[in-house]
Amino acid sequence: MYELLLRIAPHAMEWTLILAPVTLYILYLAMWVNVRKTPKLVTGRRNACHLLLAGSGILLLGPPTWILAFLHPYGAKVYWAGYTLYAAAIAMLAWRFISRQARRYQLFHVSPFALRDALESVLAALNQPYLAQSRQVTWTARPLTLEVDIYPFWRSAQLRFSGTDAALESQFIERLQEELRSMDHASMVVHYVLTIWGGLFLLFHVLSVVLFIWYLQAIP
């Protein structure tokens, strides 16, 4: 058992560093976003930044970086040169990912049924002719299309605009925000699920740190 703990301790601490940003993001969603009195709307770029920060430990320290292990025999300089190129590639992909979210909006802590009612209310208030299909709204007299993806279990949704009518898009988002401010909060199921999930991750981190402190004292 003693030898097993000695082998586990460094790996557990490594995974603590890798998963720490994910844990913080889960707890943020659980304790801040999904306990609000009203739904939360964020821009796609902001949401993308949050996701990238949450995955930063995995991307910069986790399994994707392990493919660089073959550079170790060539020395530290070669390894860090390879890691720098890898990090630069990740930064470029991250920038591209963020750039593609410019016309997207993410909704959290929203009831699917309440959201459908809010969207219908906004469309009626804009007083612009439109064609509504299952997940898509096309304004027939204006060059703008809206796609809506709703995720009922997670009480969230994503709005994606395409077209060139920025003014109508801005009006739609402003009116939707007004609707959200008067909307009742969604079920607390997601809050409980994320709280348990984040709590388990947090427990793992605490135990890993305690084990690693013991490991540092136990090694000769």
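List of remarks:
- Spans of strands (runs of 3 or more DSSP E) in region 76-191 with at least 1 residues modelled with pLDDT of 95 or more, among the small types (Gly, Ala, Ser) and touching a helix residue (DSSP H, G or I) at 6+ places or on another chain (Cβ under 7 Å): 156-163
- Cβ-Cβ under 9 Å pairs, at least 6 apart or on other chains, region 85-112 side on the phi > 0 side of the Ramachandran plot, far side surrounded by 11 or more Cβ atoms within 10 Å (Cβ to Cβ) and in a strand (DSSP E or B): His109/Lys40; His109/Ser156
- Of all residues in region 149-186 being within 17 Å of Leu29 (Cβ to Cβ) and out of contact with any Ser or Thr (no Cβ under 7 Å at 6 or more places or on another chain), the one that is surrounded by the fewest Cβ atoms within 10 Å (Cβ to Cβ): Phe153
The values are calculated or read from the model by the stated rules, or taken from the named source; none is laboratory data. Because the structure is predicted, anything quoted here is derived from the model rather than measured. Neighbour counts are summed over all protein chains in view; Cβ atoms, including those assigned to glycine, are modelled from backbone coordinates with ideal geometry.
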